[in-house]
């Protein structure tokens, strides 16, 4: 994360509507999305630019757009806490700077379990002067949909709805950039940057290129300090990872797939194929991937004093069957934090299933996971908590006061209560009357 402003204003218009979308030849769904495409248009900028995005809502219901990962003002975050929903026929203009280079995305933050499932999302790429040099740069948004045999969105009965509330919704139709089982082409001898975004409601994407090695160079908040070679990479809902692939030999063919990952749900994960890659004739390469990509200064030491505890849990409910909770409550208000007051939080997952923790508007560093330091430093906004685990994170509330939130990024768990709001307060400004001062969550 660095700040080299270019101060260029880039304008986009996004029209949310319902439309027919062909996910593979002959298979057409009635999607919801932006500019009649799935995913929505890729928004491009350079670090320091200003994005102005006019959202026109032609859906049959209200919507809001959240800019996932962008460090923007609270008023532009795109949640019901800071913005009146955009009603059908209305227009809202978002305006914000993009201070960080990296891979981000936008998606509905209103009735998300319906709207994101139907296609209300798109990618954002912010480039920097010091980005690694590659022969091609792609963004790959992975998703799945739960469809009937007639290719309509499956609602299910009472048991199915209970299962979705518990597990989150996973569907048998797996998409990459809005297409089912597409073929991607690249040239032999060349090196590409693939920017993965997990836009699924609940599916954990354990990336594999059929065993071929790749180099991980970036995650949520931008470049890592150095590339790391892997053959498998877990990308949870909301997370982003950038990888370097190639060079490959002419004539090679392999699949982009997800491997089984047991996140402790009733439905068991299976291997799924998302796309096929075919390597065409050789072309010369200009790529250069340095051994040192970035420098990430540590916010605090590993033994830093904790000033907040967050507990994510699951509890029984006579009315709903199961509730998803933060500090024992649903959809709660957490205590405020002050601008410039370094935050060191312990985040617990006391349940028996995985939960991807997402913090709006700010990047954090993971100091510990179950008492151990992570393998490398990174700026994160989404991080998976395994069952009965805890992480210690550090983050700095800079001068962007307002209402923010954190939540589980399995959309059904978020909707079922596993989220909290909190205020970032500038001590030089008057406080909002409705802000609670007690620690922990309460209604």
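One table, with the values for the structure above:
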| quantity | calculated |
| --- | --- |
| Taking 79, 63 and counting other C-beta atoms within 10 Å, the order from fewest to most | 79, 63 |
| Choice from 181, 158, 218 showing the highest fluctuation, given a GNM over the chain with Cα pairs closer than 10 Å | 158 |
| Dimensionless Rg/Rh of region 308-425 - Kirkwood Rh, Rg from C-alpha atoms | 0.96 |
| Point-to-point label distance, residue 161-residue 309, nm (Cα→Cβ direction, 7 Å offset) | 3.6 |
| Relative contact order for the chain, counting Cα pairs under 8 Å that sit 6 or more residues apart, in percent | 14 |
| The chain shape via C-alpha gyration tensor axes, a/c threshold 1.5 | rounded |
| Simple label model, 7 Å out from Cα along Cβ direction - residue 30 to residue 288, nm | 5.4 |
| Part-to-part distance (alpha-carbon centres) for region 252-297 and region 21-42, which is given in Å | 23 |
| Anisotropy class of region 35-82 from Cα gyration tensor, a/c 1.5 cut | oblate |
| Between region 70-114 and region 303-336, the Cα center-to-center distance that results, in Å | 25 |
| Cβ-Cβ FRET estimate between residue 210 and residue 426, R0 fixed at 41 Å, reported to 0.05 | 0.20 |
| Average Cα contact separation per residue, region 120-273, under 8 Å, 6 or more apart, as relative contact order % | 24 |
| Value of [θ]222 nm, deg cm²/dmol, for the chain, DSSP H segments ≥ 4, -39500 (n - 2.57) each, nearest 500 | -1000 deg cm²/dmol |
| Region 163-198 versus region 398-429: alpha-carbon centroid distance in Å | 29 |
| Computed FRET value (nearest 0.05) for residue 231 with residue 147, which takes r as the C-beta separation and R₀ as 35 Å | 0.65 |
| Normalised contact order of region 308-425, rounded percent, pairs of Cα under 8 Å and 6 or more residues apart | 34 |
| Rounded D (µm²/s) - region 1-129, Kirkwood Rh over Cα pairs, Stokes-Einstein at 25 °C, 0.890 mPa s | 164 |
| Whether region 53-211 is rounded, prolate or oblate, judged on the alpha carbon gyration tensor where a/c under 1.5 counts as rounded | oblate |
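FYI, it's all coordinate maths here, none of it is from the lab. This one's a predicted model, so the numbers in the text were calculated from it and none came from an experiment. FYI the Cβ positions are ideal-geometry reconstructions off the backbone, even for glycines, and counts take in every protein chain you see.
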